[in-house]
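Just below is one structure, and these are the notes that go with it.
The values are calculated or read from the model by the stated rules, or taken from the named source; none is laboratory data. These numbers come from a predicted model, not from an experiment. With ideal geometry, Cβ positions are generated from the backbone for all residues, glycine too; neighbour counts draw on all protein chains shown.
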């Protein structure tokens with residue numbers, strides 16, 4: 001009598017996550033599968049079936065399991081800085097495309113040098129008390145209940161200065177404004 005596997009070696013596995021029917025195809029040498037895109041807090045049952053030249057075998061069930069990833073947001077984007085009538089600097093930005101695994105709870109804006117900071121819950125902040133003769137850069141960091149994400153790209157890295165109440169780029173030696 002021929003064995004039920006047809007006598008052929010396993011060529012891969014077919015794991016599935018339910019609900020949703022998300023399936024993967026993994027090679028025979030791999031006995032671990034990582035499912036991306038599952039919803040935190042949803043209970044999943046997983047099945048896996050082996051494949052070979054004779055076809056796909058009967059699936060075995062494992063679970064239930066409930067994903068509960070914890071991830072901070074990525075960096076905010078579109079950071080800009082401008083001065084206000086009183087010589088303070090208003091920094092604005094767009095929320096990150098990926099807020100992590102929880103809603104954003106705050107943003108921290110930092111001026112460098114000096115480390116002046118403002119923590120807010122909106123997508124703009126005003127920093128005051130800055131020296132008008134100092135070149136500053138400004139970064140923004142988003143946070144959620146799982147922690148703070150990375151800082152945004154700095155705005156002002158190219159010799160932005162506070163002069164006569166205006167934040168502007170300084171001309172390079174030989175003319176022109178840095179890009």
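Within segment 128-140, the only residue that satisfies the criterion of being surrounded by fewer than 21 Cβ atoms within 10 Å (Cβ to Cβ) and within 13 Å of residue 79 (Cβ to Cβ) is 137.
Against the condition outside the structural domain of residue 99 (by TED's automatic domain parsing), modelled with pLDDT under 90 and within 27 Å of residue 98 (Cα to Cα), how does residue 6 come out, does it pass? Can you show your working first?
Details: outside the structural domain of residue 99 (by TED's automatic domain parsing): yes; modelled with pLDDT under 90: yes; within 27 Å of residue 98 (Cα to Cα): no.
Judged against the criteria, residue 6 is not a match.
Taking residue 30 as the residue in question, decide whether it is in contact with a strand residue (DSSP E or B) (Cβ under 9 Å, 6 or more places away or on another chain), surrounded by fewer than 16 Cβ atoms within 10 Å (Cβ to Cβ) and at pLDDT 90 or above. Quick ask: steps written out before the conclusion?
Numbers: in contact with a strand residue (DSSP E or B) (Cβ under 9 Å, 6 or more places away or on another chain): yes; surrounded by fewer than 16 Cβ atoms within 10 Å (Cβ to Cβ): yes; at pLDDT 90 or above: no.
No; evaluated as a whole, the condition is false for this residue.
Do we have residue 58 as within 26 Å of the chain's Cα centre (by Cα), over 30 Å from residue 121 (Cα atoms) and modelled with pLDDT of 90 or more here? It would help to see each step written out before you state the result.
Working: within 26 Å of the chain's Cα centre (by Cα): no; over 30 Å from residue 121 (Cα atoms): yes; modelled with pLDDT of 90 or more: yes.
It is false that residue 58 is within 26 Å of the chain's Cα centre (by Cα), over 30 Å from residue 121 (Cα atoms) and modelled with pLDDT of 90 or more.
Scoring residue 50 on the criteria (1) surrounded by 13 or more Cβ atoms within 10 Å (Cβ to Cβ); (2) on the phi > 0 side of the Ramachandran plot; (3) outside the structural domain of residue 150 (by TED's automatic domain parsing) leaves a single failure, condition (2). Residue 105 passes every criterion in (1) in contact with a strand residue (DSSP E or B) (Cβ under 8 Å, 6 or more places away or on another chain); (2) modelled with pLDDT of 90 or more; (3) assigned to a loop (DSSP other than H, G, I, E, B); (4) closer than 27 Å to residue 39 by Cα apart from (3). With respect to (1) assigned to a strand (DSSP E or B); (2) without any contact (Cβ under 8 Å) to a residue 24 or more places away in the chain, the lone exception for residue 114 is condition (1).
Which strands (runs of 3 or more DSSP E) does segment 6-93 wholly contain that include 3 or more residues that are farther than 29 Å from residue 151 by Cα?
Working: elements: 12-18, 44-52, 60-65, 77-83.
Of the strands (runs of 3 or more DSSP E) lying wholly inside segment 6-93, those with at least 3 residues that are farther than 29 Å from residue 151 by Cα span 12-18, 44-52, 60-65.
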